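The structure appears right after this line, and notes come after that.
What follows is calculated from the coordinates using simple rules that are stated; it is not laboratory data. Not measured: the values here are computed from a predicted model. Every residue, glycine among them, receives a Cβ derived from its backbone with ideal geometry; neighbour counts consider all protein chains shown.
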Amino acid sequence: MHAKGGPPLGHVLSRTAARAEVHLLALSALPPAVAGSARRLCASVVTPAGAHRSDLVSLIVARAEAVGADAVLTFSEYAVVAVAEACEALSLAGAGGASALARDKRLMRRTWQRHGLPQPEFRPVGTEADLHAAARSLPGPLLLKAAWSAGSTAHQIIRSPHEVSAAWARSCDVMAESARLGYAELHVAEADADYVVEQIVTGTASDWFDEPGWGDYVSVEGVVANGTFHPVCLSGRMPTVEPFTERASITPALLARDAQDRIVDLARRAVDALGLRDCGTHTEIKLGADGSMWLIETAARFGGAMTVPQIEEVFGLDLVGMLVDHLLGHRVAWPEQVLTPAQAHGAAGSLVVLAVDGRGRAWPVRKAWDFRAVSADITLSRGSRLSVVEESSLADGSVVPVYDPAAGANTMAALCLLSAADARTVLRDFETLVDALPRVLPAAQPEEVSV
């Protein structure tokens, strides 16, 4: 089932179609860059009318029964719960009845709290009054999150009590706009009214990485098969853009083996606590001083953007195809242990193009996106290869959106993939790209900006 978010549709469809006959239920419009290939790869493509989408689980079940489906899957965060419940109704393998614990940040944090796992202190909030009360009881600064959001959407930093009302109003506005754009929970009614506020903990990348430039959190990519968690690898990050918008993911993360093992152990305990059954997983962990760690979140699906293609390129694992095989009941040889940088063949990373420089400051002039200018005018390391993910990027000539801290990744202009000899080179090349983009991209014309 296709909806917005997750890995590029073209990638997951080609890998799925190589293992099975595919019937695509499209709840979001197919990206123009892959619409033609999607129809060639799939035995059927159905886009339900709005009137038939009110009961999403019933819609999925009916379509699955009509085509005789042996498995149902999605790679979109916004459809995880609906697909999991449909699989339960169909008696098919899936994330299971606990899927909402890996989607609703309030339930997730309560579950981890019961299991004594390290995480920021938090409070669920449903009204502005709740937020005022939480701000009085929690040590600041605080981060307000929409409980069902993704991509750092509707994040608001609250540094003092007088900022509470404005933060609440802004987050509510952003969630409403995200829903209009299709970046919202598809199954749970009124999910945009649910929030969580948590203490902002202090990360320290320098205690974990040998060189500067890395962000203070990592993600553990993995899969749950028959209720058993199989960690695959770790991906590192560049520092986020305020408040906490992700700029780049790099596979593998350059961590010492003992550090990686401690991180994986925490990820395992987090995933096990949620009780997931058969699904991809993506667990983000904040890294602190003296070996301290805090859980950020776990998703019952593979990481978004180019995480899955990065793993395939670096470690030779087609996670999409492997998951399809597992859901169809075939035996799959998951990695016996988490893979390390020593086992990587080169490195790969994905960069989200945002209109901010390396220090998070807005570009002084509006620019138009032009990948041809980027590839022609920016010199990267010898052997590095840069490409643009067309289905996740604006067309050349489009005006780059002004970065909106509250809207997070909703204001991205493009997604680029870079392959290089090692992770250090990916990180350095990304720093070069971020610094050079406002210089090499053409200025947007006044009439373009006004539109």
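Neighbours of Asp377 by Cβ distance under 12 Å: Lys/Arg scored +1, Asp/Glu scored -1, total +1. Dipole magnitude for region 9-100: about 400 debye, using +1 per Lys or Arg Cβ and -1 per Asp or Glu Cβ, origin at the Cα centre.
Under the simplified labelling scheme, the Asp357-Asp404 pair shows an inter-label distance of 2.5 nm, with each label point 7 Å from Cα along Cα→Cβ.
Screening the chain for whole DSSP H helices with an alpha carbon extent of at least 24 angstrom along the helix axis and a mean Kyte-Doolittle hydropathy of at least 0.0 yields 164-181, 423-440. Under the classification rounded if a/c is under 1.5, otherwise prolate if a/b is larger than b/c and oblate if not, where does the chain fall, given a ≥ b ≥ c as square roots of the Cα gyration tensor eigenvalues? Verdict is rounded for the chain. Computed from backbone phi, the HN-Hα couplings of region 292-299 come to 6, 9, 9, 6, 8, 5, 10, 10 Hz, rounded to whole numbers (Karplus: 6.51 cos²θ - 1.76 cosθ + 1.60, θ = phi - 60°; Gly and Pro given as x).
Distance between the modelled labels on Glu391 and Ala169, one decimal in nanometres: 4.0 nm (7 Å Cα→Cβ projection).
Summing charges over all other residues whose Cβ lies under 12 Å from the Cβ of Ser91, with Lys and Arg as +1 and Asp and Glu as -1, gives -3. When the C-alpha to C-alpha distance is required to be over 24 Å, the pairs from Lys4/Lys105; Lys145/Lys286; Lys4/Lys286 that qualify are Lys4/Lys286.
Descending by average beta-carbon neighbour count within 10 Å, the peptides 359-367, 289-297 line up as 289-297, 359-367, the highest first. Here each label is just a point 7 Å from Cα along the line to Cβ, and for Val67 and Gln113 those points are 4.1 nm apart.
In order along region 214-231, phi translates into HN-Hα couplings of 7, x, 9, 8, 9, 10, 9, 8, x, 8, 10, 10, 6, x, 9, 7, 10, x Hz, rounded to whole numbers, per the Karplus curve 6.51 cos²θ - 1.76 cosθ + 1.60 with θ = phi - 60° and x for Gly and Pro.
Explain nothing, just the number: relative contact order of region 74-129, from Cα pairs under 8 Å at least 6 residues apart, as a whole percent.
Numbers: 34 pairs, mean separation 11.6, N = 56.
The normalised contact order for region 74-129 reaches 21 percent.
Phi angles across region 187-199 convert, under the Karplus curve 6.51 cos²θ - 1.76 cosθ + 1.60 with θ = phi - 60°, into 3J(HN,Hα) values of 10, 7, 5, 6, 5, 6, 9, 9, 9, 9, 10, 9, 5 Hz, Gly and Pro given as x. Residues whose amide H comes within less than 5 Å of that of Ser398, counting only those at least five positions distant or on another chain, are Trp369 (H built at 1.01 Å from N in the peptide plane). Proximity of backbone amide H atoms, modeled 1.01 Å from N, is registered between Met293 and Gly288 at under 5 Å, excluding neighbours fewer than 5 places apart on the same chain. Within the shell defined by Cβ-Cβ distances under 11 Å, the residues around Arg439 carry a net charge of -2, with Lys and Arg each +1 and Asp and Glu each -1. Taken about its Cα centre, the chain carries a charge dipole of about 40 debye when Lys and Arg each add +1 at the Cβ and Asp and Glu each add -1 at the Cβ. Relative contact order of region 145-289, taken over Cα pairs closer than 8 Å and 6 or more residues apart, is 25 percent. How high is the FRET efficiency between Val332 and Arg269 when r is their beta carbon distance and R₀ equals 25 Å, given to the nearest 0.05? After rounding, the FRET efficiency stands at 0.60.
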